[in-house]
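Visitor: Sharing a structure below in structure tokens format, with a few things to ask.
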Amino acid sequence: MKKGKRNSSKGLFAKGSASRKITFGILAVILVVAYLSSNSFRDEVDELLGIGDTPKESIVVPRAQGDLLVHFIDVGQGDSILIQFPGGENMLIDAGDNDKGQIVVDYLQGQGVQRIDHLVGTHPHADHIGGLDDVIKEFDIGDVYMPKVSHTSKTYMDVLEAVDEKGLTINAASAGMSIPSKEANIDILAPDSELESKNLNDYSIVIRLVYGETKFLFQGDAEKKTEEELLLSGANVKADVLKLGHHGSSTSNIEEYIKAVDPDYAVAPLGEDNKYGHPHKEVVELLDNMGIVFYRTDKDGTVIVVSDGENISVNP
Ligand SMILES: [Zn+2]
């Protein structure tokens with residue numbers, strides 16, 4: 001027994017010596033792995049190889065002085081549009097669905113955005129306002145616009161909570177209002193302040209932005225009803241770039257309306273193989289027949305439109 005103990009104790013010692021060597025070995029490996037996987041090391045390697053690991057979203061779009069940039073951010077089936085004015089103002093229309101908030105935050109930060117001067121939630125559907133709470137928490141926010149219609153969804157409540165926690169107030173957007181900007185004319189064409197509808201899409205804030213001689217029309221998920229009312233009211237809907245209503249659905253984008261807008265470019269934010277079949281083929285055919293160039297985020301990814309106040313270029 002004693003002998004055995006001694007032996008085992010001797011054995012332990014010997015093993016201890018070996019295990020110490022193994023421990024040092026493991027430690028060294030861990031340190032090397034930690035260094036190799038550290039950001040600074042990866043950056044060094046990437047720099048040497050000339051392949052930054054910067055995701056596409058973080059690449060700052062170069063812009064000339066006087067350029068206005070409109071980014072139709074690829075958030076799958078949902079809207080999120082960042083407008084960067086040449087003087088430094090930023091505007092965000094919608095922020096995609098709940099699980100896309102961080103994508104929008106990352107994208108904006110990648111573009112150097114720190115403050116959103118004008119924040120718009122077009123209507124309370126999740127694919128438009130879902131990510132707004134993340135955006136509100138992350139950035140310095142100026143004025144906030146939403147239609148005057150309440151909704152009981154958790155998504156909507158989350159937005160209200162974020163607004164409240166930031167000490168912000170919501171401007172109830174309605175036709176005839178303008179969003180005060182030093183750099184462009186931003187008019188709200190819809191919804192009508194008297195509107196009563198069971199369809200939340202009818203409350204979509206429709207915005208016409210005029211920068212120099214170039215014009216943009218953003219209409220959330222506004223449908224045929226809104227389009228017909230705008231035509232009847234005689235509102236000026238003319239635009240060079242149209243953000244199609246309701247993801248290119250045939251419940252929006254009626255021919256008379258598209259004729260009145262008379263855009264050169266149409267953009268639809270879309271999820272790949274989305275369950276709604278957006279964009280509907282009637283709309284795609286209509287755009288095609290009218291010679292309107294159609295961009296869609298499911299195929300083109302994030303679409304960036306640049307205006308110098310006179311000319312427009314897309315994904316330059
Ligand atoms: Zn939508």
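Visitor: Among the residues of segment 208-217, is there at least one that is among the acidic types (Asp, Glu), surrounded by fewer than 19 Cβ atoms within 10 Å (Cβ to Cβ) and in the same structural domain as Asp140 (by TED's automatic domain parsing)?
Guide: Our first condition is that a residue be among the acidic types (Asp, Glu); within segment 208-217, this holds for 213.
Applying the additional criterion that residues be surrounded by fewer than 19 Cβ atoms within 10 Å (Cβ to Cβ) yields 213.
Those left that are additionally in the same structural domain as Asp140 (by TED's automatic domain parsing): 213.
The answer is yes, given that some residue of segment 208-217 is among the acidic types (Asp, Glu), surrounded by fewer than 19 Cβ atoms within 10 Å (Cβ to Cβ) and in the same structural domain as Asp140 (by TED's automatic domain parsing).
Visitor: Go through segment 218-244 and give me each residue that's of a type in the set (A, V, I, L, M) and away from the ligand (no atom under 16 Å from the Cβ).
Guide: Leu230, Leu231, Leu232, Ala235, Val237, Ala239, Val241
Visitor: Within segment 107-147, which residues are more than 16 Å from the ligand (Cβ to nearest atom), closer than 30 Å to Lys198 by Cβ and surrounded by 20 or more Cβ atoms within 10 Å (Cβ to Cβ)?
Guide: Within segment 107-147, His118, Leu119, Asp133, Asp134, Val135, Ile136, Val144, Tyr145 meet the criteria.
Visitor: If you don't mind, another one. Go through segment 227-276 and count every residue that is surrounded by 14 or more Cβ atoms within 10 Å (Cβ to Cβ), hydroxyl-bearing (Ser, Thr, Tyr) and part of a helix (DSSP H, G or I).
Guide: The qualifying residues number 1.
Visitor: So, one more: In segment 164-222, which strands (runs of 3 or more DSSP E) lie fully inside it and hold 3 or more residues that are without any contact (Cβ under 8 Å) to a residue 12 or more places away in the chain?
Guide: Because the criterion is at least 3 residues that are without any contact (Cβ under 8 Å) to a residue 12 or more places away in the chain, no strands (runs of 3 or more DSSP E) in segment 164-222 meet it.
Visitor: Also, quick follow-up: For segment 164-186, check the following and say yes or no: at least one residue is within 16 Å of the ligand (Cβ to nearest atom) and crowded, with 17+ Cβ neighbours inside 10 Å. Reasoning before the result, please.
Guide: Within segment 164-186, the first condition is being within 16 Å of the ligand (Cβ to nearest atom), and the residues that meet it are none.
Checked against the condition, which is being within 16 Å of the ligand (Cβ to nearest atom) and crowded, with 17+ Cβ neighbours inside 10 Å, segment 164-186 yields no hits at all.
Visitor: Now for a different question. Looking only at segment 60-84, how many residues end up being in contact with a Gly (Cβ under 8 Å, 6 or more places away or on another chain) and not small (Gly, Ala, Ser)?
Guide: Initial filter on segment 60-84 (in contact with a Gly (Cβ under 8 Å, 6 or more places away or on another chain)): 60, 66, 68, 73-80.
Those left that are additionally not small (Gly, Ala, Ser): 60, 68, 73-75, 77, 79.
Counting residues in segment 60-84 that are in contact with a Gly (Cβ under 8 Å, 6 or more places away or on another chain) and not small (Gly, Ala, Ser) gives 7.
The values are calculated or read from the model by the stated rules, or taken from the named source; none is laboratory data. For clarity, every value in this text was computed on a predicted model and none was experimentally measured. Cβ: placed from backbone, ideal geometry, glycine included. Neighbour counts: every protein chain shown.
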